[in-house]
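The next block holds one structure in the form of structure tokens; read it before the comments.
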Amino acid sequence: MHEFRYEGTKLYCEGVPVETLVRKYGTPLYVYSEETIRAAYSRLDKAWEGLPHAICYAVKANSNLAVLRALADLGAGFDIVSGGELQRVMAAGGDPARCIFAGVGKSEEEIRAALKAGIYCFNVESEAELERIDAVGRKLRKKAPVALRVNPDVDARTHAKITTGTYETKFGIPFEKIRRLYAKAAGMKGVKLRGLQMHIGSQLTSVEPFEAAVAKVAPLAAELAEVHGIEFFSIGGGIGIVYRPALASGDPKWWFSPEGRRMITAEAHAEALRPHLEPLGLKIILEPGRFIVGNAGILVTRVEYVKQVGNKTFLIVDAAMNDLIRPAFYDAYHEIVPVEKKARRTVVANVVGPVCETGDCFCRDRMLPRVGEGGFLAILSAGAYGSVMSSNYNTRPLPAEVMVRGKRHALVRERQPVEAIWALEKPASWQESATKRAKRK
């Protein structure tokens, strides 16, 4: 569920009309609902009641400091994939001791900084990384806490670019090699075995892949607990959200994915996996990202032009693929609705941005309420992998971001000044300025 809804003809975020935010902060504009974030976290936490567990939010989904602060205040841990994300978590008031450091390419500098900060655990992706962490630990005279990431070779049946649980990907250690590496790690002086981790992919819309992977890996976790005394089993993240229709009402257990499968819920996820996990006696760690923030954010954009080309109608808006790349990169679906429903008439249109790429398109041949030039559209379910994947392509400033709580709202990221885009650039030392060339002539 989420806190975006119509009151009369106007779209609201919690108790604030979205149009009010647009008039104050301009477009393109990301708008986040704090209550939606809090509710999603609490719902997942409640679903796992009675079983020792921790929720480590995947920072890569949305790393805005206001988002991280809201989750830190709820007691969340954090799943990080870079030294920069660790610094963000600490800047937002998060506890490094509740951070798990994942990712396949950790540098020596990142490992050293994380170990000095006192993180909870490293998720180790390869034998080479294990050896590097051991070396850093010995240099610092510390025992680096580690969990090896096992690749269960289970197909999550999700998008090819976000699947991680098969041997065709760069992630994790093959299942048949994991015991040998635990035995090797047990003899290392610079590491301490703390747990076992797995993650099979993102935006999973049914429980079956989770259950298949956990059923395969749980006996391994039990064995490692007995042999090496590990304390936790992390089952990763990947719980999907509803992208269509994002403004669905009623009990979410009746929502369906575009493929026609009943959508996974926090309750269904926990119910299916508990029988495999309860007998282990281990702490269970979850690493959700999209589930927490995906439906908590929208991207608001202004219609600059309505262009007719033959039978095609193009709504050219001021947001672009550099602001929200998911449709261009993943062919992802996002519900698009007007900020104000002024008319009942509809139009079949392509919503496109101003970037000089044919792929700069948010939807094609979509039936939409008719919105004219100067009107505003809201691209829904943009809270995850929206702002964090934005860029300055075409020298376009990063959008502003706003957080709403009840009837209050705050600017939590200022719109980037254009000059800031090239602030760290300069001509080469041998290149003369145009002014100097003119004087010399």
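Table for the structure above
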quantity	calculated
Cβ-Cβ under 6 Å pairs, at least 6 apart or on other chains, the range 196-224 side on the phi > 0 side of the Ramachandran plot, far side assigned to a strand (DSSP E or B)	201/163
Filter pass, residue 345 being under 28 Å from residue 203 (Cα atoms), of a type in the set (D, E, K, R) and surrounded by fewer than 16 Cβ atoms within 10 Å (Cβ to Cβ)	no
Residue that is surrounded by the most Cβ atoms within 10 Å (Cβ to Cβ) [pool: residues in the range 360-405 that are under 17 Å from the mean Cα position of the chain (by Cα) and β-branched (Val, Ile, Thr)]	379
Any hit, the range 99-108, residues being under 24 Å from residue 335 (Cα atoms), crowded, with 18+ Cβ neighbours inside 10 Å and at pLDDT 95 or above	no
Single residue of 428, 384 found to be at pLDDT below 95 and aliphatic (A, V, I, L, M)	428
Exclusive hit being farther than 25 Å from residue 203 by Cβ and outside any strand (DSSP E or B), set 279, 275, 288	279
Complete set of residues in the range 304-334 that are part of a strand (DSSP E or B) and farther than 20 Å from residue 369 by Cβ	309
Only listed residue being at pLDDT below 90 and out of contact with any Asp or Glu (no Cβ under 8 Å at 6 or more places or on another chain), chosen from 180, 261	261
Hey, residue 168 among the charged types (D, E, K, R), more than 15 Å from residue 230 (Cα to Cα) and either at pLDDT below 95 or in a strand (DSSP E or B) (or both) or not	yes
From the options 111, 133, 119, residue that is assigned to a loop (DSSP other than H, G, I, E, B) and buried (at least 21 other Cβ atoms within 10 Å of the Cβ)	119
Filter pass, residue 185 being closer than 26 Å to residue 135 by Cβ, part of a strand (DSSP E or B), in contact with a strand residue (DSSP E or B) (Cβ under 6 Å, 6 or more places away or on another chain) and modelled with pLDDT of 95 or more	no
Matching helices (runs of 4 or more DSSP H) fully within the range 1-81 where at least 3 residues are of a type in the set (D, E, K, R)	18-25, 34-47
Test: residue in the range 309-323 that is at pLDDT 95 or above, within 21 Å of residue 399 (Cα to Cα) and surrounded by fewer than 23 Cβ atoms within 10 Å (Cβ to Cβ)	yes
Hits in the range 14-33 - residues which are surrounded by 23 or more Cβ atoms within 10 Å (Cβ to Cβ) and among the acidic types (Asp, Glu)	none
Filter result for residue 301 (touching a Phe, Trp or Tyr at 6+ places or on another chain (Cβ under 8 Å) and assigned to a strand (DSSP E or B))	yes
Candidate set: the range 34-62, residues that are surrounded by 22 or more Cβ atoms within 10 Å (Cβ to Cβ) and not hydrophobic (A, V, I, L, M, F, W, C); chosen: the one nearest to residue 380 (Cα to Cα)	36
Residue match in the range 287-300 (condition: farther than 30 Å from residue 365 by Cα, at pLDDT 95 or above and exposed (fewer than 15 other Cβ atoms within 10 Å of the Cβ))	no
Selection status of residue 195, at pLDDT 95 or above and touching a Ser or Thr at 6+ places or on another chain (Cβ under 8 Å)	yes
So residue 295, is it touching a His at 6+ places or on another chain (Cβ under 6 Å) and more than 30 Å from residue 220 (Cα to Cα)	yes
Filtered residue count, the range 224-246, keeping only those that are surrounded by 22 or more Cβ atoms within 10 Å (Cβ to Cβ), at pLDDT 95 or above and not in a loop (DSSP other than H, G, I, E, B)	4
Filter result for residue 293 (assigned to a strand (DSSP E or B), touching a Gly at 6+ places or on another chain (Cβ under 9 Å) and touching a residue at least 60 places away in the same chain (Cβ under 8 Å))	no
Count of residues meeting criterion [over 20 Å from residue 289 (Cα atoms) and surrounded by 22 or more Cβ atoms within 10 Å (Cβ to Cβ)] in the range 195-212	1
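Yes/no matrix, rows are residues, columns are (1) under 27 Å from residue 271 (Cβ atoms); (2) touching a residue at least 40 places away in the same chain (Cβ under 8 Å); (3) within 16 Å of the chain's Cα centre (by Cα):
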{"position": "49", "(1), (2), (3)": "yes, no, no"}
{"position": "56", "(1), (2), (3)": "yes, yes, yes"}
{"position": "78", "(1), (2), (3)": "yes, no, yes"}
{"position": "91", "(1), (2), (3)": "no, no, no"}
{"position": "109", "(1), (2), (3)": "no, no, no"}
{"position": "137", "(1), (2), (3)": "no, yes, no"}
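The values are calculated or read from the model by the stated rules, or taken from the named source; none is laboratory data. Keep in mind that this is a model prediction, so the values were computed, not measured. Neighbour counts are summed over all protein chains in view; Cβ atoms, including those assigned to glycine, are modelled from backbone coordinates with ideal geometry.
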